[in-house]
Number of protein chains: 2
Amino acid sequence: MAVYTEVSDDELAAFLAAFDVGELLSFKGIAEGVENTNYIVATTLGQFILTLYEKRVAPADLPFFLGLMDHLSAKQLACPTPIHDRVGEALGQLAGRPAALISFLDGIWIRRPQPVHCRAVGAAMAQMHLAGSDFTMRRKNALGFADWRPLFERFETDADRVFAGLGDGVRSELDALAEAWPRDLPEGIIHADLFPDNVFFRGEQISGLIDFYFACNDAHAYDLAIALNAWCFEQDLAFNVTKARALLAGYSAVRPLTSDEVSALPTLCRGAALRFLLTRAYDWLHTPTTAFVKPHDPVPYFRRMRFHATIRSATEYGWERPE
Amino acid sequence: MAVYTEVSDDELAAFLAAFDVGELLSFKGIAEGVENTNYIVATTLGQFILTLYEKRVAPADLPFFLGLMDHLSAKQLACPTPIHDRVGEALGQLAGRPAALISFLDGIWIRRPQPVHCRAVGAAMAQMHLAGSDFTMRRKNALGFADWRPLFERFETDADRVFAGLGDGVRSELDALAEAWPRDLPEGIIHADLFPDNVFFRGEQISGLIDFYFACNDAHAYDLAIALNAWCFEQDLAFNVTKARALLAGYSAVRPLTSDEVSALPTLCRGAALRFLLTRAYDWLHTPTTAFVKPHDPVPYFRRMRFHATIRSATEYGWERPE
């Protein structure tokens, strides 16, 4: 929730001059987005998002992210499309940062999703997984299963400063997952951060998925486990099985789940909760109190993780084998 | 630079239902603006700014601010126009805040103004002063000359915690201004905060003035003194007489200055610098370090104030009596 990098009018004009996008009409920083700086740019030819990539995004990953958006757009998946300049480049430089101009997507994100939205997001995720199947670039998940223990070790001695019991809770969970983590599930391109603020709707229809800056190659069902954590708990952290049922049904209607994927779902959900718990706890300890961005509270992901540890099979998530 | 108040999609839909503005297409928080929460709302009929008034704006003042924008728009001054709902109301409630939907103004604000921009802003300010002359509502300047000493007394004992010498500097300036402050200058509606980020340009032409939430009744020439502080100093705080000459010439070509106004200009500029020094110093001491908004540095306004105290007549600002 911040503009990190200010762009002067001269710099902006020089950047836009490389594109065939018409004459500049307006230019406003957006408060949403915690990783990058985003501006809405309006020109005589339309609206665009101008993204300046800040230090949490590795420049070496940008061709993957922009190439993926190009690929998915070409497959008719509704997502932002990078605008290429007159010599075909999508990635430029602005105010000392890597920067890209990207198509503007209509729609709003849903603050209080209902089952109908969960069903739609499940279907859209499965479409994305299928559309990504012939994308030729690869990116390792930088926050995947193998990264959780090293990430935890970076703040293990301070963990209980976040809240009492965090250290022991994470240690026992890491040990349990080391035993149970599934191998050989179907893999491919995953979004890896498909939270409600990354899915735009017009009414009950999805108008697009955004923010592919965690996208990578990993197990498809792990992406679904992330969404189950992000979409199917109420404010008070009660699990809403109706929403989970809709999410799983929406997904599997487009891309049927294998029996291994269904069996692994409770473990994948524990892991997904742990992954967000770890980054939130790390940020909680490392965000200066003077920062523009308030860190997310880690506690809700600890509680989700504990919930998933009680689940014995995907039927408790509302999973129903399709007829 | 922040969104203070989150608006849910349900609340937004209910708010917009009172207006004839078409179907909602998108909704994004803007990072600019430190007093209020602003969203860009796009509908099938166009773009709008949705403003939620936060605690620094007194609800009792809102009919004045919105009425002034209505009045100035009707006089063809380029400024945001409040949208009235089907029963004629411009002021509503949203997410527990007073809220208004306002027309979107094209243009960008100039990060590094040149003399041509200063001339244009002088002319636009004078047009605003003339257009406001038959506005019938009144609002006292809540940060006018009489308010500076009481504001200073609220943090006088802590003043030197902002920087050494602030307390003595302000005390001697308050005493000097008590002797010299001009009475009986021409008064009327002033903007009172016409900084570069409140003036939109397309190319070298002004496309509109925004942010009337400090507007009030006070001396016209005091508004010009605020602009001279805001537009005519370089980053290193060197005074740029070419810019000031352009600002004064642009203003007086539309609304000629009286000889009393010209004589008073150095004193008014000292006062204007002190006014921003005082609010910035106060905010510096009272903004929690966890706040989203970083307080502005007060030092540059101390240095401007000291500069103006050395000025003996408006000719040193580049003032040239028109032929």
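Which of rounded, prolate, oblate describes region B:250-321, given a ≥ b ≥ c as roots of the alpha-carbon gyration tensor eigenvalues and a/c under 1.5 marking rounded, otherwise prolate only if a/b is larger than b/c? Prolate is the answer for region B:250-321, as a/c is 1.5 or above and a/b outweighs b/c. Each Lys and Arg adds +1 at its Cβ and each Asp and Glu adds -1 at its Cβ; summed about the Cα centre, chain B shows a dipole of about 680 debye.
Checking an interface number: how much accessible area is buried between A and B, summed over both chains, with a 1.4 Å probe, in Å² rounded to 100? Intermediate values should be presented prior to the final figure.
Details: alone 15340 and 15340 Å², together 27230 Å².
Result for this pair: about 3400 Å² buried.
Just to confirm the filter: which GluC sites (Glu not before Pro) across region A:140-218 are DSSP coil and have at most 15 other Cβ within 10 angstrom of their Cβ?
Numbers: sites: A:GLU153, A:GLU156, A:GLU173, A:GLU179, A:GLU187, A:GLU204; in loops: A:GLU204.
Filter output for region A:140-218: A:GLU204.
Here the Debye sum runs over all C-alpha atoms of the protein assembly as shown as equal scatterers in vacuum, and log10 of I(q)/I(0) at q = 0.05 Å⁻¹ comes out as -0.28.
One Cα centroid belongs to region B:15-91, the other to region B:175-247; the line between them spans 24 Å.
Accessible surface calculations at 1.4 Å, restricted to protein heavy atoms, place region A:13-101 at 40 Å² per residue.
Shown here is the pair-distance distribution of chain B: with all Cα-Cα distances grouped in 20 Å bins from zero up to the longest one, the shares run 31, 58, 12, 0 percent. At a probe radius of 1.4 angstrom, the accessible area of region A:204-323 per residue rounds to 40 square angstrom. By the helix-only formula, in which each DSSP H run with n ≥ 4 contributes -39500 (n - 2.57) and the sum is divided by residues, chain A has a 222 nm mean residue ellipticity of -13000 deg cm²/dmol. In region A:13-49, burial by the other protein chains removes 20 Å² or more of 1.4 Å probe accessible surface, compared with the chain on its own, from A:GLU23, A:LEU24, A:LEU25, A:SER26, A:PHE27, A:LYS28, A:GLY29, A:ILE30, A:ALA31, A:GLU32, A:ILE40, A:GLN47.
Hey, got the dipole for region A:82-138? About the Cα centre, +1 on K and R Cβ, -1 on D and E Cβ, debye to the nearest 20? Don't skip to the answer; put the middle values down first.
Values: 6 positive and 4 negative charges, 64 e Å.
Value, rounded to 20: 300 debye.
Could you tell me the calculated FRET efficiency between B:GLU32 and A:ALA178, based on Cβ-Cβ distance and R0 = 35 angstrom, to the nearest 0.05?
Values: r = 48 Å, r/R0 = 1.37.
Computed FRET efficiency for B:GLU32 and A:ALA178 comes out at 0.15.
Once the partner protein chains are put back, region B:106-144 shows a loss of at least 20 square angstrom of accessible area, versus the chain by itself, at B:ASP106, B:GLY107, B:ILE108, B:ARG111, B:ARG112 (probe 1.4 Å, ligands and nucleic acids excluded). Rg and Dmax, both from the Cα atoms of region B:70-167 and both in Å, are 19.6, 56. Toward the positive end of the charge dipole of region A:1-158, with +1 on the Cβ of Lys and Arg and -1 on the Cβ of Asp and Glu, the farthest Cα among A:LEU16, A:ALA146, A:LEU50 is that of A:ALA146. Placing +1 on each Lys and Arg Cβ and -1 on each Asp and Glu Cβ, with no other charges, gives the protein assembly as shown a dipole about its Cα centre of roughly 280 debye.
Proximity of backbone amide H atoms, modeled 1.01 Å from N, is registered between A:GLU35 and no other residue at under 5 Å, excluding neighbours fewer than 5 places apart on the same chain.
Computed in the context of the full set of protein chains, the accessible area of the protein assembly as shown at 1.4 Å probe radius has 51% of its extent on carbon or sulfur.
Which of A:LYS294/B:LYS28; B:LYS55/B:LYS140; A:LYS55/B:LYS243 have a Cα-Cα distance over 26 Å? The pairs that break the limit, which is 26 Å between Cα atoms, are A:LYS55/B:LYS243.
Of the residues in region A:183-212, those shielded by at least 30 Å² of accessible area once partner protein chains are present, compared with the chain alone at a 1.4 Å probe, are A:ARG202.
The values are calculated or read from the model by the stated rules, or taken from the named source; none is laboratory data. Computed from a predicted structure; not experimentally measured. Cβ sites come from the backbone with ideal geometry, for glycine too, and all protein chains shown count toward neighbours. Ligands, DNA and RNA are excluded from the accessible area calculation, which covers all protein heavy atoms including side chains. Shrake-Rupley method; radii C 1.70, N 1.55, O 1.52, S 1.80 Å.
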